[in-house]
Structure formats: structure tokens, C-alpha cells
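A short write-up of the structure that comes next.
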Amino acid sequence: MAVPSTTARLEPGVARAFAALCLGAVAMGISPIFVRFASAGMDGVPADVGPFASAFWRVSLCLPLLYAWMRIEERRAPAGAPKVRFSKASVFGGIVFAGDLLFWHLAILKTTVANATFFATMAPLFVVLIVWLVLRQQVSRGTFMGLALCLLGGAALIGQSLQADPARIEGDLYGLATAFFFGLYFLAASRARKTAGAAQVTFEAGLITSAILLVVALLFDTRVVPRTAQGIAALLAMSYVSHAGGQGLLAIALGRLPAVFSSLVIFLEAIAAAVFGWAILGEALTPVQSLGGALILFGIWIARPKADTPGG
């Protein structure tokens, strides 16, 4: 599947796209807390829904909002603009995003949040490798340097909380699978944005993802419908903040920014997770973690698209 070039010239609107990408990363960074409340139970309270059901509700609850956004987007589109419904890229994006969420929710429940977050942030590595080795597109030296710094920063930020426990190997592997599928989603969404707006891509992919997750939840989960106020609140927050907010803002950004660079910015999820852990759970932020966050920011800056070259 062809994807846009891994680099792009700066142009009007890129700053807004970058801001949307950063906000989207933060919105996705808080999702582990919502998953824990909805699927793992808290303070001895049994889980409200199973892991696959929570993934289904995460995507499906906000579909009406995404549909309304899509209709507004269509009304604002230029007259005579071509309309491509459910392109191959959108459908593929919905399929791989279902895989991403299935493994992500399993990883959060089968290993520590720190381990799950660390391995899931490997998505940019898969994006770069697929673009470079499979699609045979040029990747700039700045991108490789930025990726290396972001990986080091992610390890420093979360590494102190990582636990090398054989009992959690399964969950760690789920985290790696999450990264692989999320990397594929990046490339698919970037391609889909060439023929459709951000709202349409997010809604269509979400519709495909919801259908897949519903089947899986009905087959493998014993708890599909939430029964407590805490569970309902967690699912609504996960759907509207982490999915509609996170994925919607990501789709907006991918209309302007290269997929490879955008994937690096998602390392901000790790920073957001650490900050939310400090603010909500009272977890301390160490100097090493602060250095890790700085390395991620520096890596993103190095890999940024350059205005004076065709690639960057």
C-alpha cells in the first residue's frame, strides 16, 4: 500500500496540525487509567466489563459524535470535491486499529501499565522500518536520530518502573503487538487522508473497528455491558477523550504532517502517562524521568520536517 513521503515541506497550517498531534498524544496518554477503571476494577471492586468489551465501547460510544463531525466537514467541503467512501486505506485502518486495541487492552491487564506503555510506544520504530525496508521510501538521517533519542527518552522515562518478570512476558508481547498494529494504522490513516477528511477517516475506520471488536467481545468476554456508574464513566471518558479526541486529532494532523514524523510525536504519550501518574496517582517524577522527557522532546525537534529541503 503506497503512503505519502516520509517528509514534507512546511506550509500554512502545519503549526496547527502539530498542535493537534500533541493534544492527541496527550488524550491517548491517559487511556490506561480509564482502561484500569473500566476493565481491571479498582480498590477491590470487580471489573465492570471485559478487556475486549472495553475496547468496543471505547470506539463505538463516540461514533454519533464522529458522524456529526463528518457531516459538518462535508458541508464545509468545496463544491464538487470528490467523495471517496470507505477507501481501501480506511478499511485497512479500521482492521489494524482493532488489532491495536485488542492487544493494547490485553497488555494493560496482563502486565504493568509502565511495561505496556513502554512496549506500545515502539510504534514509531515499526513505522520507520516498514517505510524504509518494505515500502522502500527514503528516511532522513534526522528521522533516525530523532527516533533513537525518543527511544532512549522513553526507556529513561518508563524504565525505572519496568519489571522483568517472566509472569508478565505474555503482556509485554501484547504490548509489542500493539505497537506493530498502531504503526500500520498510522500509515493507513495517512494514506486515507489523501482522499478524505479527518472526520470521515476517523468515523469510517471506527465503524470497521467497532464491528470487529463487538464480535470478539461477544465471543470471549463474559461481561460486555457496564453495570456501575464508575464503569460507565470510565468508558465514556475513554471513548470521547482518548478515541474521539486522540484519534480525531491524529487524523487532522496526518492531513498535513508525514506519517513517520507524526509517529515520533506519539512518544509524548509516555510523557503524558508519567505526568498523569504524578497528578492523579501521586507517583513521583525522578530526575531520570525528567531527562527522558527532555530527550523525547529533543528527538521530536531533530526529526521535524524541514522547510528548505524536500525531506526532513
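A few remarks follow.
- The modelled label-to-label distance between Met145 and Thr195, using points 7 Å beyond Cα along the C-beta direction, is 3.8 nm.
- Within the shell of other residues whose beta carbon sits under 14 angstrom from the beta carbon of Ala177, the net charge comes to -2, with Lys and Arg scored +1 and Asp and Glu -1.
- Label-point gap, in nm, between Glu73 and Val225 - each point 7 angstrom along Cα→Cβ: 3.2
- Here the extension length gained between Trp278 and Leu65 equals 73.6 nm, from 0.36 nm per residue of separation less the Cα-Cα distance.
- Projecting the Cα positions of Pro226, Phe180, Thr209 onto the charge dipole of the stretch 169-279 (unit charges on Cβ atoms of Lys, Arg, Asp and Glu, taken about the Cα centre) puts Thr209 furthest along the positive direction.
- Full-stretch length increase - Leu291, Ala15 - with 0.36 nm per residue and alpha-carbon distance subtracted: 96.8 nm
- Annotation note: trypsin sites (Lys or Arg not before Pro) in the stretch 50-120 located in DSSP loop regions with a Cβ neighbour count of at most 15 within 10 Å are Lys83, Arg85.
- Protection proxy ranking for 251-262, 17-28, 133-144, 188-199, using the average of other Cβ atoms within 10 Å per residue and placing the highest first: 251-262, 188-199, 17-28, 133-144.
- Each Lys or Arg adds one and each Asp or Glu subtracts one; over the other residues with Cβ under 14 Å from the Cβ of Ala89, this totals +4.
- Ranking Leu65, Ala55, Ala89 by Cα position along the charge dipole of the stretch 51-91, where only Lys, Arg, Asp and Glu carry charges on their C-beta atoms, puts Ala89 farthest toward the positive end.
Just so you know, all these numbers are worked out from the coordinates, no wet-lab data involved. If you're wondering where the values come from, they're calculated on a predicted model, not measured in any experiment. Every residue, glycine among them, receives a Cβ derived from its backbone with ideal geometry; neighbour counts consider all protein chains shown.
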